[in-house]
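Undergrad: Here it is: the structure, laid out below.
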2 protein chains.
Amino acid sequence: MDISKLISQAQQAKAAFAAGDSSQRNKILKLLVDGLERDREKILAANQADVKQVAGKSDDAFIDRLVLNDQRFDDMVTSVKSIMSLPDILGKIYDSTTQPSGLVIAKMRIPLGIILMIYESRPNVTIDAAALAIKTGNVIILKGGHEVQRTNKALGDVLTSSLKRAGLPAGAVTVLTSQSRLVTKELLKHDEAIDLVIPRGSRQLLEFVQANTNIPTLLHLEGNCHVYIDAAANPKMALRVALDAKTQRLGTCNTAESLLIHRDIAEAILPVLASELSNHKIEIRGDEAVCRIVKQAVPASEGDWSQEYLGPTISVKVVDSLAAATTHINKYGSGHTDSIVTDDASAAERFLRQVNSASVMHNTSTRLADGYEFGLGAEIGTSTGKLHARGPVGQAGLTTYKWIVKSRGLTKSGILGKE
Amino acid sequence: MDISKLISQAQQAKAAFAAGDSSQRNKILKLLVDGLERDREKILAANQADVKQVAGKSDDAFIDRLVLNDQRFDDMVTSVKSIMSLPDILGKIYDSTTQPSGLVIAKMRIPLGIILMIYESRPNVTIDAAALAIKTGNVIILKGGHEVQRTNKALGDVLTSSLKRAGLPAGAVTVLTSQSRLVTKELLKHDEAIDLVIPRGSRQLLEFVQANTNIPTLLHLEGNCHVYIDAAANPKMALRVALDAKTQRLGTCNTAESLLIHRDIAEAILPVLASELSNHKIEIRGDEAVCRIVKQAVPASEGDWSQEYLGPTISVKVVDSLAAATTHINKYGSGHTDSIVTDDASAAERFLRQVNSASVMHNTSTRLADGYEFGLGAEIGTSTGKLHARGPVGQAGLTTYKWIVKSRGLTKSGILGKE
């Protein structure tokens, strides 16, 4: 793989994007939708080959992340259509002011430039990321996991042909098929060309990226999400929200991994909740209070409170107050998404203010923390960092701005009255 | 210096800020204004001792950056007052939407947390940075240059006493007096506690920071700012803007270091401009066309086009078109601030769209690219990066947001109709 050629192709594509407009970008997305439908069987077959390769060698939650079935394929196509129908934000002028000096100031929204994304498993991520990059006029280099390389190759072919048909250089979206870490390491050196790197995966991947690059990095860490059931919670709603947050899908980063229950409501809720979790074959790791109430609970160790299981296990703790819950979440959570269930509006307000996570929720399942549900059309990932973009990252997170400043000859000396 | 103690004090101060409100933060700023006025003579004397130390050993532009005279002291105090009078943005709810699912989404503005700033020379930076951090509820650790250590010590004393009088832990603003790089290196390891590092100074400083930290870094590189005099420029305005951009102050990052002139207007403008620059003792490094027109011009080398002189030198080049000007700026500029002088609105529009810099200007001196002139009250620096904040960084750049999500028990299963 010739990295400098790859970079120079990306830069050419960047210039081509800059010369184009929103109708061109939407045309690529339309061609992508058509291409995915045309190649559906080919892509699903490639995915089945990928899944077959790991079957029996990995756990169910891991395999579930790889699978592209008909439903998920439909969702992937719907996601591209939804991105296509989003209003275009590029070139938009906002925050305009006229200063007392007469200076007219505004911001203009522009693409970031070239994005490198390194990710694992879920193949719909390839299409979501490429579609969002195209929509926002960004060039993207995608380095997916080796366990779905056949699927990604098939998706990459559709992307390449869509770009070519729309008259854009194929370098606008590169799906890397080489699986060598050396390629990644080499790419990470190009901070003069690449504007953002998004490592979506394990903490080890993030550390590898940080150790090898000066490119600004979008933190994308684990989701140790909490549901806190307050003393004033509606028990039926608490049960519904908690069960959905944990069991609707086990392997996603917005799945709840830990449950906190106020002491006053624990005895009323826990037995029913535990039995429902049992029906879903979820193991409970509980503190002392939980283990007293729930016979089948296993005692939790200190490590359980910061664990992202991504599987059929949940940690459960009884707390004495809302303050104890927010302190626990700020200490052990990963800053991803945390939710309170309560009918007490002031308790909800305190929770929403005091919990420092990217998304804080009231009476809502953590599973709803994603770009699609938040109205972003789709997401390129979930930022657990504080800079630039937090939580689900959609169109806006892939853009930046420049200051547009106009006057009729204003100077510093003039403003100081020394001209 | 006990770094872990410093970090734990910063974390305590962060909690104290979170428990406080805008009236408390403004009270600190009021006490800071009073304290600066009270200690004015002491601070100016400390600054004179600092300046005396380097006199004769450094060039004029460097020394000019250190000096705190009565005028600059007044400006510094005015800046704190101006920050104090800014509307408070913390806790503000914005971008509210209700999704088709019923999910109610909004963002809430919150402080970044703990900021580390490493900077050189200008002592007003200490006060601007501290005041902006206090206004935005951020804890800040300030590591200034050794050449103004006496000044910074005196300013730090005022800050500490202002915080104490307002009932806040002194750890909210730390002005480091130790000059060891080891202290900085040790601080840079604390990415678990520090949310942002701002290295304001040389490229070497930035590289030192990047090599030693995983903390997100606000790029703050040199300003190789351009003024482009278009064929359709008003000659008097062009002269006024270009001279102000270069000569109003030599040692600042928004000073113009390079001048581009359209061929059609070069012979009319250059002789007058050159003679005015001579009056200001500015040396011209010109391309061939410039050297033909201006006798005293020195031939420019390739290196001149990317040079930030911060002194009495300017590079000047004749270009054949607006496209040649924007290409030159995107190639050799530093992405800081670039300005076009023209009476042709469509030429201005093309320049503003095509130049990729953080601030792009029309008929305006580059010297006006700062937080105060842009209405931000003050700035903590100028970002030449693309992520998070670009150009002058004020209140908003020192904050982030969290997503606030509310519903009446919405779940993923419910939305999918599978509950």
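All of the numbers you see were taken from the coordinates with simple rules; none came from a lab. Quantities reported herein were computed from a predicted structural model and do not represent experimental measurements. Methodologically, a virtual Cβ is constructed for each residue, glycine included, from the backbone with ideal geometry; neighbour enumeration extends over all protein chains shown.
Undergrad: Highest GNM mean-square fluctuation, chain B, Cα pairs closer than 10 Å: which of B:ARG200, B:ARG249, B:ARG38?
TA: Answer for the Gaussian network model of chain B: B:ARG38.
Undergrad: To continue, here is another question. Tally Lys/Arg at +1 and Asp/Glu at -1 over every other residue whose Cβ is under 10 Å from the Cβ of A:LYS317; what's the total?
TA: Working: positive: A:ARG285; negative: A:ASP287, A:GLU288, A:ASP304.
Every neighbour counted, the sum reads -2.
Undergrad: Amide H to amide H, which residues 5 or more places from A:ASN356 or on other chains are under 5 Å from it, using H placed in the peptide plane?
TA: Correct list: empty.
Undergrad: Ranking A:MET84, B:MET76 by Cβ neighbours within 10 Å, fewest first, what do you get?
TA: Working: A:MET84 19, B:MET76 23.
With the fewest neighbours first, A:MET84, B:MET76 line up as A:MET84, B:MET76.
Undergrad: Continuing with the same structure: Please check: in the Gaussian network model of chain B (C-alpha springs, under 10 Å), which one of B:THR337, B:THR255, B:THR184 has the largest mean-square fluctuation.
TA: B:THR184
Undergrad: Okay, moving on. ³J(HN,Hα) across the stretch A:298-313 via Karplus (A = 6.51, B = -1.76, C = 1.60, θ = phi - 60°), whole Hz, x for Gly/Pro?
TA: 9, x, 7, 9, 3, x, 4, 5, 10, 8, 9, 6, 6, x, x, 9
Undergrad: While we're on this one: What does chain A give for Rg and for Dmax, in Å, if only its C-alpha atoms count?
TA: 24.0, 84
Undergrad: Here's another thing I want to ask about it. Can you count the Lys pairs in the stretch B:225-368 with C-alpha separation below 21 Å, eight or more apart or on different chains?
TA: Close lysine pairs found across the stretch B:225-368: 11.
Undergrad: Among A:MET117, A:MET361, rank each residue by its count of other Cβ atoms within 10 Å, from fewest to most, as a rough exposure measure. Before the final figure, lay out the partial values.
TA: Values: A:MET117 23, A:MET361 33.
So the ranking, lowest neighbour count to highest, is A:MET117, A:MET361.
Undergrad: Beyond 29 Å, what share of the Cα-Cα pairs of the stretch A:87-233 is found? Please give it as a whole percent. Provide the component values of the computation, followed by the final result.
TA: Working: 3328 of 10731 pairs.
Value for the stretch A:87-233 (Cα pairs over 29 Å): 31 percent.
Undergrad: Add +1 for every Lys or Arg and -1 for every Asp or Glu among the other residues with Cβ under 13 Å from the Cβ of B:ASP244, and state the total. Before the final figure, lay out each step's value.
TA: Numbers: positive: A:LYS412, A:LYS418, B:LYS236, B:ARG240, B:LYS246, B:ARG249, B:ARG367; negative: A:GLU419, B:GLU276, B:GLU373.
Counting the neighbours of B:ASP244, the net charge comes to +4.
Undergrad: Shifting gears a bit: If you draw the axis that swings chain B onto chain A, which residue of B has its Cβ closest to it, and how far is that in whole Å?
TA: B:HIS388, 2
Undergrad: Beyond 26 Å between alpha-carbons counts as too far, so tell me which of B:LYS57/B:LYS143; A:LYS14/A:LYS189; A:LYS412/B:LYS27; B:LYS92/B:LYS143 fall in that bin. Walk me through the numbers before you get to the answer.
TA: Values: B:LYS57/B:LYS143 23 Å; A:LYS14/A:LYS189 19 Å; A:LYS412/B:LYS27 32 Å; B:LYS92/B:LYS143 31 Å.
Beyond 26 Å between Cα atoms: A:LYS412/B:LYS27; B:LYS92/B:LYS143.
Undergrad: With a cut-off of at most 13 other beta carbons within 10 Å, and DSSP calling the residue loop, which trypsin sites (Lys or Arg not before Pro) in the stretch B:280-362 qualify? Please list them.
TA: Working: sites: B:LYS281, B:ARG285, B:ARG292, B:LYS295, B:LYS317, B:LYS331, B:ARG350, B:ARG353; in loops: B:LYS281, B:LYS295.
Passing sites in the stretch B:280-362 are B:LYS281, B:LYS295.
Undergrad: A:SER8 to A:ASP343: extension gain in nm, 0.36 nm per residue of separation minus the Cα-Cα distance?
TA: Here the segment from A:SER8 to A:ASP343 would lengthen by 114.9 nm.
Undergrad: Separate question: Please report the relative contact order for the stretch A:1-139, taking Cα pairs under 8 Å with a sequence separation of at least 6, and give it as a percent rounded to a whole number.
TA: On the way: 116 pairs, mean separation 46.2, N = 139.
Relative contact order here is 33 percent.
Undergrad: For A:ALA268 and A:GLN71, compute 0.36 nm times the residue count separating them, minus their Cα-Cα distance, and round to one decimal in nm.
TA: On the way: separation 197, 0.36 × 197 = 70.92 nm, distance 3.78 nm.
Length gained, A:ALA268 through A:GLN71: 67.1 nm.
Undergrad: Quick one: net charge around B:ALA55, please, counting Lys, Arg +1 and Asp, Glu -1 for every other residue with C-beta under 13 Å from its C-beta.
TA: Values: positive: B:LYS52, B:LYS57; negative: B:ASP50, B:ASP59, B:ASP60, B:ASP64, B:GLU147.
Its environment carries a net charge of -3.
Undergrad: Let me ask something else. Across every pair of different alpha-carbon atoms, what Kirkwood hydrodynamic radius in Å does the stretch A:225-368 reach?
TA: Working: mean 1/r = 0.0692 Å⁻¹.
After inverting the pairwise mean of 1/r, the radius is 14.4 Å.
Undergrad: Output the relative contact order of the stretch B:268-416, whole-number percent, from Cα pairs under 8 angstrom with separation of 6+ residues. Walk me through the intermediate numbers first.
TA: Values: 179 pairs, mean separation 20.2, N = 149.
Reported as a whole number, the value is 14 percent.
Undergrad: Taking the Cα centre of each part, how many Å lie between the stretch A:87-137 and the stretch B:180-249?
TA: Their Cα centres are 23 Å away from one another.
Undergrad: Ignoring everything except DSSP H segments at least 4 long, calculate the 222 nm mean residue ellipticity for chain A; use -39,500 (n - 2.57) per segment, divide by total residues, nearest 500. Each step should come with its number before you reach the end.
TA: Working: 15 runs with 178 residues, N = 419.
The helix contribution divided over chain A gives -13000 deg cm²/dmol.
Undergrad: Testing the spin-label approximation: label points 7 Å from Cα along Cα→Cβ at B:LYS81 and B:LYS57. State their distance in nm.
TA: Those two pseudo-labels are separated by 3.7 nm.
Undergrad: Per residue and in cubic angstrom, what volume does the convex hull of the Cα atoms of the stretch A:1-67 have? All intermediate terms of the calculation are to be shown ahead of the outcome.
TA: Details: hull volume 9.9 nm³, N = 67.
For the stretch A:1-67, the hull spanned by Cα atoms encloses 148 Å³ per residue.
Undergrad: Based only on other Cβ atoms within 10 Å, what is the fewest-to-most ordering of A:THR78, B:THR364?
TA: Working: A:THR78 13, B:THR364 29.
Exposure proxy ranking, most exposed first: A:THR78, B:THR364.
Undergrad: Same structure, new question: Springs between alpha-carbon pairs under 10 angstrom, Gaussian network model over chain B: which of B:VAL272, B:VAL77, B:VAL173 fluctuates most?
TA: Residue with maximal mean-square fluctuation among B:VAL272, B:VAL77, B:VAL173: B:VAL272.
Undergrad: Can you tell me the Rg and the Dmax, both Å, for the Cα atoms in the protein assembly as shown?
TA: Taking only Cα atoms of the protein assembly as shown, I get Rg and Dmax of 28.5, 95 Å.
Undergrad: Treat the stretch B:1-113 as a sphere of radius equal to its Kirkwood radius over Cα pairs and apply Stokes-Einstein at 10 °C in a medium of 1.306 mPa s; give the translational diffusion coefficient in µm²/s, rounded to a whole number.
TA: Numbers: Rh = 18.3 Å.
Rounded to a whole number, D works out at 87 µm²/s.
Undergrad: What is the extension gain from B:SER96 to B:GLU41, computed as 0.36 nm multiplied by their sequence separation minus the C-alpha to C-alpha distance, in nm to one decimal?
TA: Details: separation 55, 0.36 × 55 = 19.80 nm, distance 5.00 nm.
Extra length from B:SER96 to B:GLU41 when fully extended: 14.8 nm.
Undergrad: Here's a follow-up. If I fit a long axis through the Cα atoms of helix A:235-247 and take the longest principal axis of the Cα atoms of chain A, what angle between them do I get, 0 to 90°, rounded to 10?
TA: The answer is roughly 60 degrees.
Undergrad: Report the percentage of all Cα-Cα pairs in the stretch B:177-285 whose separation exceeds 20 Å, rounded to a whole percent.
TA: Values: 3239 of 5886 pairs.
So the portion of pairs separated by more than 20 Å is 55 percent.
Undergrad: Right, something else. For chain B, what is the relative contact order in percent, using Cα pairs closer than 8 Å and at least 6 residues apart in sequence? Walk me through the numbers before you get to the answer.
TA: Numbers: 804 pairs, mean separation 74.5, N = 419.
Averaging sequence separation for qualifying contacts and normalising by length gives 18 percent for chain B.
Undergrad: How big is the dipole moment of the stretch A:289-419 about its Cα centre under a simple scheme where the beta carbon of each Lys and Arg is +1, that of each Asp and Glu is -1, and everything else is neutral? Debye, nearest 20, please.
TA: Numbers: 14 positive and 12 negative charges, 157 e Å.
Roughly 760 debye, rounded to the nearest 20.
Undergrad: Amide H neighbours of B:GLU283 under 5 Å, counting only residues 5+ apart in sequence or on other chains, H built in-plane at 1.01 Å?
TA: B:THR313, B:ILE314
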